[in-house]
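What follows is a short report on a single structure.
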Amino acid sequence: MILIIEKITLWVDKLVSLIILLVMLRLVLYMLTSLYAVGQEITGEGLWLSGHDAEVLDWAVFFIIMVKAYKVLVSYTKYQHVSICYVAELVIITCFLEFIFEQDVVDKQIRMILGAVGLGCLFLYLYFYQIFQEMDKDP
């Protein structure tokens, strides 16, 4: 059974890596089109890219969070316990990404709480990193 799980995980890891590559390429395309739009705005030309879609960033944030959640599930599948490192990284990434990218949607107080939770988890993660690594070793 463990051999089958490892084979499936290997293939899914490759698929996730491909998805990550596609997300990275889409972000590069987004950056280039944003740069072109800013250049057109500076030169006074009519904007060729009207209504530039900022949802691309939400899309990228979604995939970053999903990849970390995938890592938590793979860790649980392999070792029958949840990796503390992966969960802490997931919390840190989620808090900071929501704090940074959801400025127009999330209330200011909620953003402050997310920033504080993200910083607190980051400091705890850095302080207890060696302990987390020892806890996550294969039993």
Are any of the residues in the range 59-68 assigned to a helix (DSSP H, G or I), farther than 21 Å from ASP13 by Cβ and not hydrophobic (A, V, I, L, M, F, W, C)?
-> no
GLU134: under 17 Å from ALA60 (Cβ atoms) and at pLDDT below 90, yes or no?
-> no
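Condition (residue is at pLDDT 80 or above, surrounded by fewer than 13 Cβ atoms within 10 Å (Cβ to Cβ), of a type in the set (S, T, N, Q) and within 22 Å of the chain's Cα centre (by Cα)) applied to the range 16-26: is it met by at least one residue?
The first filter runs over the range 16-26 and keeps only residues at pLDDT 80 or above, leaving 16-26.
Add one more test, that the residue is surrounded by fewer than 13 Cβ atoms within 10 Å (Cβ to Cβ), and what stays is 17-18, 21-22, 24-25.
Retained after the next criterion (residues that are of a type in the set (S, T, N, Q)): 17.
Add one more test, that the residue is within 22 Å of the chain's Cα centre (by Cα), and what stays is 17.
Looking through the range 16-26, at least one residue is at pLDDT 80 or above, surrounded by fewer than 13 Cβ atoms within 10 Å (Cβ to Cβ), of a type in the set (S, T, N, Q) and within 22 Å of the chain's Cα centre (by Cα).
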Taking GLU98, is it buried (at least 17 other Cβ atoms within 10 Å of the Cβ), under 28 Å from ASP136 (Cα atoms) and at pLDDT below 85?
-> yes
Condition test on ILE42, is it modelled with pLDDT of 85 or more and of a type in the set (Val, Ile, Thr)?
-> no
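For ASP13, state whether it is in a helix (DSSP H, G or I), modelled with pLDDT of 80 or more and either more than 30 Å from TYR127 (Cβ to Cβ) or out of contact with any Ser or Thr (no Cβ under 7 Å at 6 or more places or on another chain) (or both). Please lay out each step first, then the result.
On the way: in a helix (DSSP H, G or I): yes; modelled with pLDDT of 80 or more: yes; either more than 30 Å from TYR127 (Cβ to Cβ) or out of contact with any Ser or Thr (no Cβ under 7 Å at 6 or more places or on another chain) (or both): yes.
Considered against the rule, which asks whether it is in a helix (DSSP H, G or I), modelled with pLDDT of 80 or more and either more than 30 Å from TYR127 (Cβ to Cβ) or out of contact with any Ser or Thr (no Cβ under 7 Å at 6 or more places or on another chain) (or both), ASP13 comes out as yes.
The values are calculated or read from the model by the stated rules, or taken from the named source; none is laboratory data. Because the structure is a prediction, the values reported are computed rather than measured. Positions of Cβ are backbone-derived with ideal geometry, glycine not excepted, and every protein chain shown enters the neighbour counts.
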